[in-house]
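Nothing in this text is a laboratory measurement; each read-out follows from the coordinates by a stated rule. Model, not experiment: these values are computed from the prediction. Backbone-built Cβ (ideal geometry, glycine too); neighbour counts: all protein chains shown.
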Amino acid sequence: LLEQGGSGVQVDLIYQGHLLGGKATSWTDGPYLVGHGFHVVFGFYKEMLGLLARSGANLDELLVPCGNKLFFFEGRDRRIHAAADSFGDYSGLTPQERGNFLDWSARNALSFLNVDQHPELDEIAFEEWGAQTGLLESLLATNLFRYTRDVFFNYPQPTSAYSVLKFLGGSFEQDDAQAGFNLFCANGDMVECLIAPMADYFQSLGGTLTPRLKVQRLLHSGQRISGVEVAEPDVLNRRRELLGV
């Protein structure tokens with residue numbers, strides 16, 4: 001909005017909590033760097049990477065390429081498994097689950113390709129729809145599936161069948177798939193490396209950042225509430241005030 005609207009628009013970004021960045025934030029606690037949430041950047045995060053580039057950030061310095069290697073611990077066999085190029089080749093699946101997934105995918109291929117003709121699928125969770133159409137529930141309980149759902153949909157709860165099938169039907173262009181799935185890690189503090197440059201750029205365009213204090217707990221005195229404990233003000237802004245930035 002600010003890039004395209006210039007002085008014709010006003011944007012106030014309101015965020016909850018004491019740290020800018022939400023699920024991708026980080027902070028220091030004494031000698032330790034603490035991370036909250038998921039800290040890997042995918043190549044298909046085109047909007048984020050574009051915003052970082054326009055902010056003047058040097059992506060070669062701030063991002064460390066990790067190739068496309070991901071590893072998952074599966075509690076049922078207590079082993080670490082490497083993710084393969086396709087879900088069906090994942091070593092964390094049993095032979096029965098692998099065969100079931102490949103068979104289920106073949107039988108439901110038309111649903112992936114014609115999902116726009118079935119908006120009613122947006123009213124049912126994918127896990128429920130998958131079970132109804134023959135997908136083993138044990139497969140859906142693997143950490144690989146749970147991770148994939150959380151990352152691609154940025155939502156830790158059950159996702160609609162429509163959303164998952166839309167993704168499976170080809171959310172990414174085929175010729176860009178390899179580059180899109182490259183992985184990068186922040187070369188240090190997530191806030192300083194990635195979030196701060198975007199926040200600085202946003203503010204340089206005239207945008208404002210407004211934190212809302214986060215209630216951590218209610219203080220009790222007998223049967224009465226005697227106070228409210230809230231998180232500190234935004235650490236990013238406080239750090240800059242101390243540095244005189």
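Figures for the structure shown
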| item | result |
| --- | --- |
| Whether segment 32-141 is rounded, prolate or oblate, judged on the alpha carbon gyration tensor where a/c under 1.5 counts as rounded | oblate |
| Shape call, segment 66-111: gyration tensor on alpha carbons, a/c limit 1.5 | oblate |
| Inter-part distance where segment 39-61 and segment 178-223 are each reduced to a Cα centre, Å | 15 |
| Computed E for L102/E47 - FRET, C-beta separation, R0 51 angstrom, nearest 0.05 | 0.95 |
| Cβ-based net charge around Y162, under 11 Å, with every Lys or Arg adding one and every Asp or Glu removing one | -3 |
| Options N108, V164, L136, ranked by Cα towards positive dipole end of segment 67-164, top entry (Cβ charges) | L136 |
